[in-house]
Amino acid sequence: MEFKDGSIIYPLPDDTLLSVREGKWRINLPEKFKEFIKKYNGGTPIKDSFKYNNHIYAIDRFLCILQVTGEREDEYYDIGVVRTQLDERIVFDENFVGTELLPIAVLFAGDFVCLDYRNDVEEPTVCVWNHEESSDLNPVTYILCNSFEELLNMLTE
């Protein structure tokens, strides 16, 4: 997979940081996603578009996983930071402990691609979270595919 020059955000996450985040979010990240983020953290893919339900979506960039210190501008793209900013807009039950939707990519126009853990905590599906249709405790999502790897295979120029 190719990425735009200078778009990958360093330092790349290691297994320890990924494990810490998995514990905090109470999920297991798919192995293919972990392999991807350890190489292409926050990158903007050259093949950035996919078609779903008669719409063409474009990925602005994948989100990253960083040690957040508050000292770097690119921390804005950290998955945990984005998850916190979206807060109740990606939560179905305010009493649920853990993660149901995990944003992994920013789409053109403000939507996000998310890993969806609602139906299977071991093998999340991939969905688009629609920001315009969503409200607090009522996220609107559209299932795209069954795995992160399938999402990568959907991307075209």
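Inspection of region 83-92 identifies at least one residue that is surrounded by fewer than 11 Cβ atoms within 10 Å (Cβ to Cβ), more than 20 Å from D120 (Cα to Cα) and not hydroxyl-bearing (S, T, Y). Scanning region 36-52 for residues that are over 18 Å from S147 (Cβ atoms) and surrounded by fewer than 14 Cβ atoms within 10 Å (Cβ to Cβ) turns up just one, I46.
Might you check whether a residue that is crowded, with 17+ Cβ neighbours inside 10 Å and of a type in the set (G, A, S) occurs anywhere in region 109-127? Even if it seems obvious, please write down each step before you answer.
Going through region 109-127, the residues crowded, with 17+ Cβ neighbours inside 10 Å turn out to be 111-117, 124-127.
Narrowing the set further to residues that are of a type in the set (G, A, S) leaves none.
Looking for residues that are crowded, with 17+ Cβ neighbours inside 10 Å and of a type in the set (G, A, S), one finds none in region 109-127, hence no.
Does F33 fit the bill of being in contact (Cβ under 8 Å) with a residue 40 or more places away in the chain, assigned to a helix (DSSP H, G or I) and surrounded by 20 or more Cβ atoms within 10 Å (Cβ to Cβ)? So F33 fits the description; yes.
For the criterion of being open to solvent by less than 20 Å² (accessible area, probe 1.4 Å) and more than 24 Å from S49 (Cα to Cα), T99 passes.
Whether any residue in region 14-23 is among the charged types (D, E, K, R), open to solvent by less than 30 Å² (accessible area, probe 1.4 Å) and free of Cβ contacts under 8 Å to residues at least 24 places away in the same chain is what I want to check. Within region 14-23 (the criterion being among the charged types (D, E, K, R), open to solvent by less than 30 Å² (accessible area, probe 1.4 Å) and free of Cβ contacts under 8 Å to residues at least 24 places away in the same chain), the answer is yes, since at least one residue qualifies.
So, Y76, is that one in a helix (DSSP H, G or I), open to solvent by 90 Å² or more (accessible area, probe 1.4 Å), more than 25 Å from R118 (Cα to Cα) and not aliphatic (A, V, I, L, M) or not?
Yes, satisfied.
Number of residues in region 123-156 that are in contact (Cβ under 8 Å) with a residue 60 or more places away in the chain, outside any loop (DSSP other than H, G, I, E, B), in contact with a helix residue (DSSP H, G or I) (Cβ under 9 Å, 6 or more places away or on another chain) and of a type in the set (S, T, N, Q) equals 0.
The values are calculated or read from the model by the stated rules, or taken from the named source; none is laboratory data. Values in this document were obtained by computation on a predicted structure and should not be read as measured data. Reconstructed Cβ throughout: ideal geometry from the backbone, glycine too, with neighbour counts over all protein chains shown. Ligands, DNA and RNA are excluded from the accessible area calculation, which covers all protein heavy atoms including side chains. Shrake-Rupley method; radii C 1.70, N 1.55, O 1.52, S 1.80 Å.
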